[in-house]
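Engineer: My questions will all concern the structure given below.
Every read-out reported here was derived from the displayed coordinates using simple, explicitly stated rules and does not represent laboratory data. Everything numeric here is computed off the predicted structure, so don't read it as measured data. Cβ placement follows ideal geometry from the backbone for every residue including glycine, while neighbour counts extend to all protein chains displayed.
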Amino acid sequence: MHEFRYIRNELYCENLKVEDIARKFDTPLYIYSYKTILDHFLKLKKAFRSIAPLICFSVKSNSNLSIIRTLVRHGAGLDVVSGGELFLALKAGCPPRRIVYASVGKTAREIRKAIRLGILFLNVESLPELQNIDRIAKILNKRIRVAIRINPDVSPETHRFITTGKITNKFGVDFEVAYNILRHSHEFSNVDILGLHIHIGSQITESSPFIKAIARVTQFIERLRKEKIRLEYFNIGGGLGIVYDKETPQTAFDFASRVLPILKKTKLRIILEPGRFIVGNAGIFVVRVLYLKHAGRKKFVIVDGAMNDLIRPALYGAYHDILPLKRQWDSGSDNMTEARNRREAIRVARYDVVGPICESSDFFAKGRVLPMLKQGDYLAIMGAGAYGFSMSSNYNSRLRPAEVMIMKNRAFLIRKRETYRDLIRNELIVDYK
Ligand code: PLP
């Protein structure tokens, strides 16, 4: 559920009309609902209440400081994957003991920083990385907690670019490598190997791959226990899928009720790393129609947002629902699904919704049935809260958009629109003399 709905044929975010927000802050524009973000976080927290896990929001999904600070203030930890995200986590006021850090390629500088801060876990993805962490901790004369990221070799039904738990993926180590590391943990004198970590992929709508992966790790934990290898934490990663189109993902409650019995058996403290589940449907990307163009039978609607702002359709062929901010018909109901089903009743056309970038992959939708559009119309690209702004770039020297947070009937600018000055901030013009 989310807080974007039609009221009298106008799209609202919480208590504000989206078109008013778009006019005030200009387009292209990211708009988030505060209530939706918090509701999703609290839903997960409630579903897992019986084991009180540490829920580490995955910063990569949306790294806006105001968003991560809100979650941290409500008790979330953070999952980071770079020195930059670690910096943001601290800026957002996250206590280091609530930060977990995964990445297959942490640099010595990043490792040093994490050790100095004393974060909860460095999630280790290879033996050479563990050796490097131990070496650096020794030099710093510090100890650091480490979790081994296991690649449980399961293949969830999701886009191949976002599976991470198959043995052919670059992430984690297999059970035998993990076992050997744990058996020889005494050889790593400045490292406390206290956790296991998995993350099998993203946008996974069923619980079976999670159960398969968790069950494999649980068996492994049993094996370790028999050998008196002591662990404290099990991090089950993120990956919970959301509705973009017609998916029927498990709810937080369904997910919890299926995995809790297995997790409880481990007797370990549990960490979750959700990203998309919390922010995905809490954000929209609003664009404005610049031109309509007909080429043969094809109709293009060219909007002011582009793949540099929201790359998911270009990168994964991802589907995003696209809604006009002003509906042209009175459905007699503000229910989104009913509204969608009634599209046949109005004048529609099949459009490719594209941006101004010089790439044919610069599209938000292809052959999408939408109400007849005209120049100046606003469109909302739904489900843009996760891997939207955080994957944006300046490609084509486009300015990255502003971000606005809606809380009831107030709109807060949480990131300014970039200016041309931002484009050249780090450039040095050299004379080559
Ligand atoms: N944890 C790790 C290690 C990840 O790589 C990711 C995403 O790729 C996440 C958590 C968050 O995944 P999601 O946004 O699907 O919940």
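Engineer: So what are the three principal axis dimensions of segment 30-158 from its Cα atoms, in whole Å, longest to shortest?
Structural biologist: Result for segment 30-158: principal-axis Cα extents of 45, 36, 32 Å.
Engineer: A further question follows. Give the relative contact order (percent, whole number) for the chain; include only Cα pairs under 8 Å separated by 6+ residues.
Structural biologist: 20
Engineer: Rounding to the nearest 10 and keeping the result within 0 to 90°, find how far the Cα-based axis of helix 108-117 lies from the longest principal axis of the chain.
Structural biologist: 80
Engineer: Round to the nearest 0.05 the FRET efficiency obtained for Leu127 and Leu290 when R0 = 51 Å and r is the Cβ-Cβ distance.
Structural biologist: 0.45
Engineer: Please give the contour-minus-distance gain from Arg109 to Leu428: 0.36 nm per residue of separation, less the Cα-Cα distance, rounded to one decimal in nm.
Structural biologist: 112.3 nm
Engineer: Something else: Calculate the translational D of segment 163-264 in whole µm² s⁻¹ from Stokes-Einstein, where the hydrodynamic radius comes from the Kirkwood formula applied to all Cα pairs, the temperature is 37 °C and the viscosity 0.692 mPa s.
Structural biologist: 218
Engineer: Find the eigenvalues of the gyration tensor of the Cα atoms of segment 95-274, then list the square roots of 5 times those eigenvalues as equivalent ellipsoid semi-axes, largest first, in whole angstrom.
Structural biologist: Equivalent ellipsoid of segment 95-274: 28, 18, 15 Å, largest first.
Engineer: Give me the angle, in degrees from 0 to 90, between the Cα long axis of helix 127-140 and the longest principal axis of the Cα atoms of the chain, rounded to the nearest 10.
Structural biologist: Rounded to the nearest ten degrees, it is 70.
Engineer: Determine the relative contact order of segment 95-274: mean sequence separation of Cα pairs under 8 Å and six or more apart, normalised by residue count, in whole percent.
Structural biologist: Rounded, it is 19 percent for segment 95-274.
Engineer: Next question, about the same structure. How big is the chain along each principal axis, measuring the range of its Cα positions in Å and listing the largest first?
Structural biologist: 69, 67, 42
Engineer: Let me ask something else. Which whole-angstrom value gives the distance between the alpha carbon centres of segment 1-33 and segment 97-156?
Structural biologist: Using only Cα atoms to place each centre, the spacing works out to 41 Å.
Engineer: What size of dipole, in debye to the nearest 20, comes out for segment 95-274 about its Cα centre when the only charges are +1 on Lys and Arg C-beta atoms and -1 on Asp and Glu C-beta atoms?
Structural biologist: 820
Engineer: Choose one answer from Ile214, Ile193, Ile346: the residue with the largest mean-square fluctuation in a GNM of the chain with alpha-carbon springs under 10 Å.
Structural biologist: Ile346
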